[in-house]
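Here the structure comes first, spelled out in C-alpha cells, and everything after it is commentary.
Values in this text are rule-based calculations from the coordinates and carry no lab data. Keep in mind that this is a model prediction, so the values were computed, not measured. Every residue, glycine as well, gets a Cβ built from its backbone with ideal geometry; the counts of neighbours run over all protein chains shown.
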C-alpha cells in the first residue's frame, strides 16, 4: 500500500482536522506511506502532530476552516505543494435537541462540516484533473445514513457529504478517486470526552483500523463503512427497518450518537 499511495496520489496530501483523533491517524499512516503532508487544524496542537512524523515533510497550518474566504486563505500554503490527495476530516457536533442550541453555533457546525469540504474540493480538484489523477476522501458518519435525532444538524451535514461524494465519484470517475468514509463510533479523544467507550451501544473501532480500511479501499469503493459490525448494523437499519422505526431507535437514549472527532 505505501508505494501505491505515494505513486498514485503523491507527493503531497492535505488532511484537515489533523490535530487529534482520526485526522491525526490519517497523518501518521500517510506519512508512513511516504506522502508529504499539509496538516490543517484550528488547534495549534497540529504542530505537535507534524513534529511527531520524522522522515516526512510536513507543513502544519493553524486555520479556522469556517471562514468565508477559506480557499483564498489556504492558497498560499499550497503554492509549491501539489496536493494529490485531500482528506476532508475536520468536523464538529452539538448533541441534544436542535432548538436548545444557538443558531450561530449550529451554523458553525454547518460551515465546518459541509461548506469547508465543498470549498476545499472546489479549490483542489481542478489541479488534480489537470494532472490526470488524484484522490478525495470526505469523512462522513454512519449517522448520515440512518438519521440523527438529538444530533440533527451534524447528521444533516454528514448526509450532505454522502450526497456530494456520490455525485463526485461519477463526475470525476476515471480521473480522481472519490470516497465517502462513514465511520461508526471510533475510539478518539472526542468520544472519550463524551462517554466511556465501554458504554457505547456498539464496540468503538480504533482510529487506526478506520483509517487503514479507508486507505485500502480508496479507488475501489466510493462509500466505505469500516468494520463488519458497523456494516451489518447500518445495512440492516437502512434496508430492513421502516424509516419511522429507524428514527425512533436512533432517538432512544440507548443508541443516541455521541460526539466524534471528524
What full-extension length gain, to one decimal in nm, is calculated for residue 229 and residue 131 as 0.36 nm per residue of separation minus the Cα-Cα distance?
-> 31.4 nm
The range 104-174: relative contact order in percent, alpha carbon pairs under 8 Å with at least 6 residues between | 34 percent
In whole Å, how far is the Cα centre of the range 123-137 from that of the range 44-114?
-> 19 Å
Using only the Cα atoms of the range 56-106, construct the convex hull and provide its projected area averaged over every direction, in square nanometres to one decimal.
-> 5.2 nm²
At a Förster distance of 30 Å, what's the computed FRET efficiency of residue 100 paired with residue 64, Cβ-Cβ distance as r, to 0.05?
-> 0.75
